[in-house]
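Quick note: the coordinates plus some simple rules give every number you see, no bench work behind them. These numbers come from a predicted model, not from an experiment. Using ideal geometry, Cβ is built from the backbone for each residue, glycine included, and neighbour counts are taken over all protein chains shown.
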Amino acid sequence: MLIGLSLTLVMMIFVVFTDEDNIEYDYTGIVHDVSSTSNGYTFYMNLSDGSFQKCYFKDEPILYGYYSFNGTFSDNGDILFISEMNLLG
């Protein structure tokens, strides 16, 4: 019984730490004003704090989609280059 319980615990830990959907995101917001570029898409994100941020991502987001995302700002802080984005609703 102890071995079975131990194996179950190890499997649960493995699932939690390898689950791609278990990513924590830094920002949430709604996409609008999507424009195509030669390498991806630029758009504005209405962030959860009420501010707007110009963003870039390689894949086209859904207009007015609600996303959670991570990224890094450009050197001058004008644009957020998104590295991961997840559609929430």
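Here is how the numbers come out for the structure above:
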{"quantity": "Local electrostatic count at residue 40 - Lys and Arg +1, Asp and Glu -1, tallied over other residues with Cβ under 15 Å", "calculated": "-2"}
{"quantity": "Segment residue 86-residue 33, extension gain: residue separation times 0.36 nm, minus the distance between their alpha carbons", "calculated": "17.3 nm"}
{"quantity": "Bins of 5 Å from zero: percent of alpha-carbon pairs in the range 23-87", "calculated": "4, 19, 34, 29, 11, 2, 0"}
